[in-house]
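Working notes for the structure below.
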Amino acid sequence: MHTTCLLAATFLLINTLFADDHSRGLSTDPLAKNSALLVSSAHGLPGLDYDIDNLEAMVKNSASGFTVDKLEHGQGTVAKIATELTRIVDSSDNHATHFFYFTGHGGRGTIYAEDRSMKIEEVKQALVKGREQWGPMARLTFMIDSCHSGSLIDPLSTLKPTQLLESPSVVAMEMVDALVDELAPRRGESPLYHSLLAFVSAQASETCLAGSKGSAFTVAMKKAWDKAVSEKYTVEQFIVETQKGTQGSHPVARLVPAELAKEVLVP
């Protein structure tokens, strides 16, 4: 009887201590095999070392539990990005969150890797390949800091009437919806993720405002992160704080499911 009571008490204590482990923002579980790939491709842009350092500080927080791989200083070719994405998502478990961050130039629907432009579809193909035998990852966290990064999630914006592009809030939602569509399963594919946190630096018509101390979006995001850690921000508060700290561009986000907004970013 005493043994049974002790086991029950222990189980209750463990559940209490870790009750919030599956209610966080960057990763769903800090004890899973979470991985992050951070990529920079300068092509003349200044300050990208600071961008990578800022993101590394964020994802290495013990509450998120990421291991980090980086491609920088000329390493971030299309083939290498794809290979590393496939490798890290294939070496995990079904509870894992995977994080992809890119800082550098962007174009309409692309990121500019070291050797050529890389379409978002190519990023997705690498992720899908890595998950073929494992099924959906618990969460995909996807952040892009590049000129015209909004075009990654609004590839058809040039075909839309000009009047639809006047409102930043309308454009933002259209862009993020397009990203979710791109990462959604095609016919015959398994879902890639159970939840998605996507956050990009600018609308399709805006630059990334790179500076010698880092790009505006990433600098603002790191400052928002520091406040989020100390003040226990939700994902929604973190996004809003980042948007307030970015002058001259309009960072946009999409959360799937929408309830992710209420998760505490760093419990």
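The values are calculated or read from the model by the stated rules, or taken from the named source; none is laboratory data. None of the values given here were measured: they were computed from a predicted structure. Glycine also receives a Cβ, built like all others from the backbone with ideal geometry; neighbour counts cover every protein chain displayed.
Quick notes on this one:
- Test: A202 is outside any helix (DSSP H, G or I) and modelled with pLDDT of 60 or more: yes
- Qualifying residue in region 111-119 (condition: surrounded by 15 or more Cβ atoms within 10 Å (Cβ to Cβ), modelled with pLDDT under 90, under 26 Å from A138 (Cβ atoms) and touching a Phe, Trp or Tyr at 6+ places or on another chain (Cβ under 6 Å)): yes
- Residue count for region 73-117, restricted to those that are part of a strand (DSSP E or B) and more than 24 Å from G135 (Cα to Cα): 9
- Screening D69 on (1) loosely packed, with under 15 Cβ neighbours inside 10 Å; (2) modelled with pLDDT under 95; (3) under 21 Å from R139 (Cβ atoms) shows it passes everything except condition (2).
- Residue list for region 34-72, filter: assigned to a loop (DSSP other than H, G, I, E, B) and touching a strand residue (DSSP E or B) at 6+ places or on another chain (Cβ under 8 Å): A42, H43, L45, P46, G47, K60, A63, S64, G65, E72
- If you go through region 224-256 and keep only what is assigned to a helix (DSSP H, G or I) and touching a residue at least 60 places away in the same chain (Cβ under 8 Å), you end up with W225, V229, V235, F238.
- Flag if P136 is surrounded by fewer than 22 Cβ atoms within 10 Å (Cβ to Cβ), out of contact with any Ser or Thr (no Cβ under 8 Å at 6 or more places or on another chain) and either at pLDDT 90 or above or on the phi < 0 side of the Ramachandran plot (or both): no
- Condition met for L55 (within 14 Å of the chain's Cα centre (by Cα), at pLDDT below 90 and surrounded by 19 or more Cβ atoms within 10 Å (Cβ to Cβ)): no
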